[in-house]
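Taking it in order: structure first as structure tokens, then the write-up.
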Amino acid sequence: MTSDDPDSTLAELGAAVDAAIPRALRRAWEQHIARAPVLVARQGIYSAHGRPFAYQFSYRAPGHHPDLARMWGRTDHERATDHVLRATFGRADLEHVAHGRLLFVRCPRAHLLGELPVPERPDRLVIEVSTTTEVDAAALAGLRRLREQGFRIALPAFVDRPEQRRLLPYADFVKVDVRDLDVEGHPVVRVARSFGAMLVAEYVESSDALRHARDLGFTLFQGNLIERAGVLDRAGARLVGS
């Protein structure tokens, strides 16, 4: 006799499908999953004295090139963020990659609003607001909630747009692309620090850019001149709770 409950019927159907898979095929699939890489990129964020202050974690996959992300839609960004969060915080050896430092992860709107979860690690996770996030009352309420939970917030690619100014009261870190400083310079830096956030110079690719950022009062620095992003394979790390 079949159940009238649709959920129960689906569960029974799923169990029947699982039972029909040959054991050898199931073992082969499990071995494939065990060998499949779980990749993330890690790049250091350094102090003016050259000491590591934090790490930026971002999405990588076999064959993936970061420039491809420019063509992504909303769901792509959400899945990439979930991958980074699971690969980083969902493994039992977090300190092996964190070394006691803060970890910046770019998070889209769904994570700010609580529609998608973030790890309960405000001691480590810095939530970096995606540059594509619509800044409205719901987004600002999400940032307030996250800060009340103890999370730090980072604002990337700051160029003093009106919607970015609305985010400044919630930002613990504000990132500025040093490639924009020749044009924007002091005015943007002055606004960026107006609510007391620490300033991070992004895309530091030359000694001149580093020197200019220091002269403008930046205290944290990120870019290939200091450290190129390295790719970590997290597949071998034990899952949390296993």
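Please verify whether GLY217 is on the phi > 0 side of the Ramachandran plot, surrounded by 18 or more Cβ atoms within 10 Å (Cβ to Cβ) and in contact (Cβ under 8 Å) with a residue 12 or more places away in the chain, treating the condition exactly as stated. No; evaluated as a whole, the condition is false for this residue.
Consider segment 31-55. How many of its residues are modelled with pLDDT of 90 or more and either outside the structural domain of ASP82 (by TED's automatic domain parsing) or not aromatic (Phe, Trp, Tyr) (or both)?
14
Selection of first residues in segment 180-193 that are within 12 Å of ARG165 (Cα to Cα) and of second residues that are assigned to a loop (DSSP other than H, G, I, E, B) and not aromatic (Phe, Trp, Tyr), restricted to Cβ pairs under 8 Å at least 6 apart or on distinct chains, gives the following pairs, ordered by first then second residue: VAL188/VAL159; VAL188/ASP160; VAL188/LEU181; VAL191/ASP160; ALA192/ASP160; ARG193/GLY217.
Looking only at segment 207-228, residues that are part of a loop (DSSP other than H, G, I, E, B) and out of contact with any Gly (no Cβ under 9 Å at 6 or more places or on another chain) come to 7 in all.
Helices (runs of 4 or more DSSP H) fully within segment 82-168 that include at least 3 residues being surrounded by fewer than 19 Cβ atoms within 10 Å (Cβ to Cβ) and modelled with pLDDT of 95 or more: 137-148, 162-167.
Go through segment 178-190 and give me each residue that's touching a strand residue (DSSP E or B) at 6+ places or on another chain (Cβ under 9 Å), in a helix (DSSP H, G or I) and either farther than 24 Å from GLU227 by Cβ or among the small types (Gly, Ala, Ser) (or both). First the steps, then the outcome.
Keep residues of segment 178-190 that are touching a strand residue (DSSP E or B) at 6+ places or on another chain (Cβ under 9 Å), which gives 178-179, 181, 184, 188-189.
If we keep only those that are in a helix (DSSP H, G or I) as well, we get 178-179, 188-189.
Within segment 178-190, VAL188 is the sole residue that qualifies.
The values are calculated or read from the model by the stated rules, or taken from the named source; none is laboratory data. These figures come from a predicted structure and were not determined experimentally. With ideal geometry, Cβ positions are generated from the backbone for all residues, glycine too; neighbour counts draw on all protein chains shown.
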